[in-house]
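Trainee: Here's a structure for you.
The values are calculated or read from the model by the stated rules, or taken from the named source; none is laboratory data. Keep in mind that what you see is a predicted model, and the values were worked out from it rather than measured. When we count neighbours, we look across all protein chains shown, and the Cβ atoms used for this are built from the backbone with ideal geometry, even at glycine.
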Amino acid sequence: MTNKRYILKFSCPHSNAIAPFIANFFSSQDLKTYESHQYQDGDTGRFFMRVLFGSSGRQIDLDRLREDFARGIIGLDMTWSIRDSEQPARVLILVSLFDHCLSDILYRWRIGELPMTITAIVSNHPVDAYAKADFNNIPFHHLPITKETKAEQEKKLIEIIDSTQTDLVVLARYMQVFSTDLSAKLSGRAINIHHSFLPGFKGAKPYHQAHSYGVKVMGATAHYVTADLDEGPIIEQDVERISHLDSPDSLIRKGRDIERRVLARAIRYHLDDRVFLNGRKTVVFPD
């Protein structure tokens, strides 16, 4: 008897044909549903659904199942996937000097909280900058970037992503801005983390700027990378109240904590197929 579980994920324009098709498909295939989420966006008219399912004690031919599903959705203009829930995504991590998010990701990966295969760690700083980090023999690539070398180094980064068959790229405080071409190539499969303040403080020392303005709330946002800097579809956010008693150093400390947990949650949601792109927004089903 098999206990394997699979994930069906799809989105499409809403149609009254969707519900009966899904019900008939699962019934005819003798599939058992363990978890199901669905949402219809009244603004865009799109329908989103995620189903965790398995068989009733038999082995599933995944290729055959996909073929049967594809035949049934003709005319529904559906974007969809069916995958083995135990098949880990292949993830590449980009990092600069601030390594708190990198260290947190590696820890959660080691204990099994983030089920993935790390294909490589890429940095614009040499490996000596991470002397305290344990990379567990993960390949490390140093791609130093200047204004003159940016295009060439992005080309090398793309070669690494393609050669390692990377599914997801995580910018773990990677302090370089992607070109428009690279952002387009990684659309929907590159996650970034940045601080969130009102007002927004860009450039050097954002936490010092926030302190000088006396902000009362700080936070972090994880989002998909787009050509518009720090304006991609939001996956996860968190905030924390602060006060006049907080120094710039305490803001930095609290900021590191928020960034770590927000990025980790966003990665987990993506790995578990809980995130759907919906124009400038996302639909994120709870875990």
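Trainee: State the number of residues belonging to the stretch 119-158 that are of a type in the set (D, E, K, R) and closer than 13 Å to SER96 by Cα. Quick ask: steps written out before the conclusion?
Mentor: If we filter the stretch 119-158 for residues that are of a type in the set (D, E, K, R), which is where we start, we get 128, 132, 134, 147-148, 150, 152, 154-156.
Next cut, closer than 13 Å to SER96 by Cα only: 128.
Matching residues across the stretch 119-158 total 1.
Trainee: Right, next: With the structure loaded, tell me whether THR117 is assigned to a strand (DSSP E or B), assigned by TED's automatic domain parsing to the domain that holds ARG268 and in contact with a strand residue (DSSP E or B) (Cβ under 7 Å, 6 or more places away or on another chain) or whether it fails that test.
Mentor: Values: assigned to a strand (DSSP E or B): yes; assigned by TED's automatic domain parsing to the domain that holds ARG268: yes; in contact with a strand residue (DSSP E or B) (Cβ under 7 Å, 6 or more places away or on another chain): yes.
Answer is yes for this residue.
Trainee: Moving on to the next point. Within the stretch 126-145, can one find any residue that is of a type in the set (Lys, Arg) and within 19 Å of ALA190 (Cα to Cα)? Reasoning before the result, please.
Mentor: As a first pass, look at the stretch 126-145 and keep what is of a type in the set (Lys, Arg): 132.
Still in the running and within 19 Å of ALA190 (Cα to Cα): none.
No, the stretch 126-145 contains no residue that is of a type in the set (Lys, Arg) and within 19 Å of ALA190 (Cα to Cα).
Trainee: Does SER81 satisfy the condition of being under 18 Å from the mean Cα position of the chain (by Cα) and of a type in the set (S, T, N, Q)?
Mentor: yes
Trainee: Residue check: is ASP128 assigned to a helix (DSSP H, G or I) and farther than 28 Å from LYS4 by Cα? Outline the logic, then answer.
Mentor: Numbers: assigned to a helix (DSSP H, G or I): yes; farther than 28 Å from LYS4 by Cα: yes.
Yes; evaluated as a whole, the condition is true for this residue.
Trainee: Would you mind finding the one in GLU35, GLU67 that is more than 30 Å from ARG108 (Cβ to Cβ) and surrounded by fewer than 16 Cβ atoms within 10 Å (Cβ to Cβ)?
Mentor: Only one candidate passes the filter, namely GLU67.
Trainee: Being more than 24 Å from GLN40 (Cβ to Cβ), buried (at least 17 other Cβ atoms within 10 Å of the Cβ), of a type in the set (Lys, Arg) and in the same structural domain as MET116 (by TED's automatic domain parsing) is true for just one of ARG241, ARG253, ARG268. Which residue is that? So that I can check it myself, show each step before the final result.
Mentor: Details: ARG241 fails: buried (at least 17 other Cβ atoms within 10 Å of the Cβ); ARG253 fails: buried (at least 17 other Cβ atoms within 10 Å of the Cβ).
One residue alone meets the criteria, ARG268.
Trainee: Among the residues that make up the stretch 136-146, is at least one of them free of Cβ contacts under 8 Å to residues at least 40 places away in the same chain, of a type in the set (Ser, Thr, Tyr) and assigned to a loop (DSSP other than H, G, I, E, B)? Spell out how you get there, then give the answer.
Mentor: As a first pass, look at the stretch 136-146 and keep what is free of Cβ contacts under 8 Å to residues at least 40 places away in the same chain: 136-146.
With the extra rule that they be of a type in the set (Ser, Thr, Tyr), the set shrinks to 146.
Keeping just the survivors that are assigned to a loop (DSSP other than H, G, I, E, B) gives 146.
Scanning the stretch 136-146, I find at least one residue that is free of Cβ contacts under 8 Å to residues at least 40 places away in the same chain, of a type in the set (Ser, Thr, Tyr) and assigned to a loop (DSSP other than H, G, I, E, B), so the answer is yes.
Trainee: Considering every residue within the stretch 222-236, establish whether at least one is hydroxyl-bearing (Ser, Thr, Tyr) and modelled with pLDDT of 90 or more.
Mentor: From the stretch 222-236, those hydroxyl-bearing (Ser, Thr, Tyr) are 224, 226; that's our starting set.
In the following step, the residues that additionally are modelled with pLDDT of 90 or more were identified as 224, 226.
Yes - at least one qualifying residue is present in the stretch 222-236.
Trainee: Can I ask one more? Can you pull out the strands (runs of 3 or more DSSP E) entirely within the stretch 9-109 that have at least 2 residues that are at pLDDT 95 or above and among the hydroxyl-bearing types (Ser, Thr, Tyr)?
Mentor: Numbers: elements: 31-40, 46-55, 79-84, 89-95.
Those strands (runs of 3 or more DSSP E) span 31-40, 79-84.
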